[in-house]
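Colleague: One structure follows; several queries about it will come next.
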Amino acid sequence: MNHATPAIDLFGIPSDAGASCRGTGMGPDALRVAGLLETLATLGYTASDHGDIVWTDRAAGGTPWRLSGERKAEVLAIARQSSDLALASLSAGRLPAFVGGDHSLSMGTISGVARHCAAIGKPLFVLWVDAHGDFNTPATSETGNIHGMPLALLCGEPDFGPEYDGDWRGRVDPRNVTIFGARSIDRPERQLLELRGVNVVDMRRIDEMGVVALMREVLARVEAVGGHLHVSFDVDVIEPAIAPGTGTPVAGGLTFREAHLVMEMIHDCGHMGSLDIVELNPYLDHAGMSARLLVDLAASLFGRQIMPRQTARMSINEAATSI
């Protein structure tokens, strides 16, 4: 596989309006401080940091955070803007990378990717690396938190009101969605996921079959049709003991090496064209360890290797001939 190094457009989305607790709004700056841009530069990428997006419907200072109307307005304002940013970046031949911020931001980012893929006739695949299904709807959600709903909206579930419609909204075929690392899915979500044909790779399957076999299946489908792969990575997919900076921790997540292996295999596939990194909550982190881990994982996603593949193969061959 010949890997080009596309220029990267980095956008921060400092919002926790869709989340169950506050703090993810500080995520973009935490990733910058942890060296995300410098890491991409050392890997040979040209990365333009466009700063944090600004939206007009942000709740005014002093407004109680838990007033759902203001929070929903903020989520939708972000969705409209991030959808256009993703579309413009891809249309310019660049790779949009959005750092958040809670997972509701993917309503807009993936909508923009879907609009681009529809315009050029390219199949879109979404790899949702997350402890949760995020396939609730306003009718099924027990909490009402929008960060548990983005996949359902993107896949066209009908329970969302007219305020969620607009030119910004794209559509994703649920059969082209894989949720990887799931271990906390509500019963109504489970029923919808099965009904819509979403591929859910839960931790039980990962324990039984291993990351390599399962990721090969996922990536082979993308490669078979030359698809566009969007990766939406939620920090809570990782074991909380090594990534505590999330408001929705669930024990039993991916290990350090499993998470890196997922990232390395995505890079080797060569079809990732857009990215979200979400749900980092620095307020809940321990001395920046989650932010540093995410930057480390981003390095693997963009091609950092322990040893160059060709060098490793040559070393094996040389060892074999010397025996």
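The values are calculated or read from the model by the stated rules, or taken from the named source; none is laboratory data. Remember, it's a predicted structure, so these values are computed and weren't measured experimentally. Cβ: placed from backbone, ideal geometry, glycine included. Neighbour counts: every protein chain shown.
Colleague: From the set of residues in region 151-171 that are touching a Phe, Trp or Tyr at 6+ places or on another chain (Cβ under 9 Å) and not small (Gly, Ala, Ser), which is farthest from Thr255 (Cα to Cα)?
Modeller: Out of the qualifying residues, it is Glu157.
Colleague: Just give me the residues in region 103-126 being among the aliphatic types (A, V, I, L, M) and either surrounded by 24 or more Cβ atoms within 10 Å (Cβ to Cβ) or at positive phi (or both), in sequence order.
Modeller: Answer for region 103-126, where residues must be among the aliphatic types (A, V, I, L, M) and either surrounded by 24 or more Cβ atoms within 10 Å (Cβ to Cβ) or at positive phi (or both): Leu105, Met107, Ile110, Val113, Leu124, Val126.
Colleague: Which residues, taken from region 263-291, are touching a residue at least 40 places away in the same chain (Cβ under 8 Å), among the aliphatic types (A, V, I, L, M) and in a loop (DSSP other than H, G, I, E, B)?
Modeller: Listed by number, the list holds a single entry, Leu280.
Colleague: Which of the residues belonging to region 33-91 are among the small types (Gly, Ala, Ser), at pLDDT 95 or above, surrounded by fewer than 16 Cβ atoms within 10 Å (Cβ to Cβ) and in a helix (DSSP H, G or I)?
Modeller: Ala41, Ala88, Ser91
Colleague: Among the residues of region 202-235, write down those that are within 18 Å of Phe125 (Cα to Cα), assigned to a helix (DSSP H, G or I) and touching a Gly at 6+ places or on another chain (Cβ under 9 Å).
Modeller: Those that are within 18 Å of Phe125 (Cα to Cα), assigned to a helix (DSSP H, G or I) and touching a Gly at 6+ places or on another chain (Cβ under 9 Å): Arg221, Glu223.
Colleague: Right, something else. Could you give me the residue pairs with C-beta distances under 8 Å whose first residue belongs to region 182-203 and is within 18 Å of Val218 (Cβ to Cβ) and of a type in the set (Lys, Arg), whose second residue is part of a helix (DSSP H, G or I) and modelled with pLDDT of 95 or more wherever it lies, and which are 6+ apart or on separate chains?
Modeller: Taking only residues 6 or more apart or on different chains, the pairs are Arg183/Met203; Arg196/Pro174; Arg196/Arg175.
Colleague: A further question on this structure: Within region 101-144, how many residues are part of a helix (DSSP H, G or I), among the β-branched types (Val, Ile, Thr), in contact (Cβ under 8 Å) with a residue 24 or more places away in the chain and farther than 16 Å from Arg175 by Cβ? Break it down stepwise before answering.
Modeller: Taking region 101-144 first, the residues part of a helix (DSSP H, G or I) are 103-120.
Applying the additional criterion that residues be among the β-branched types (Val, Ile, Thr) yields 109-110, 113, 120.
Remaining after also requiring in contact (Cβ under 8 Å) with a residue 24 or more places away in the chain: 109-110, 113.
Still in the running and farther than 16 Å from Arg175 by Cβ: 109, 113.
Summing the residues that are part of a helix (DSSP H, G or I), among the β-branched types (Val, Ile, Thr), in contact (Cβ under 8 Å) with a residue 24 or more places away in the chain and farther than 16 Å from Arg175 by Cβ in region 101-144 gives 2.
Colleague: Which one of these is small (Gly, Ala, Ser) and under 23 Å from Ile110 (Cβ atoms): Gly210, Gly247, Gly252?
Modeller: Going through Gly210, Gly247, Gly252 in turn, the sole match is Gly247.
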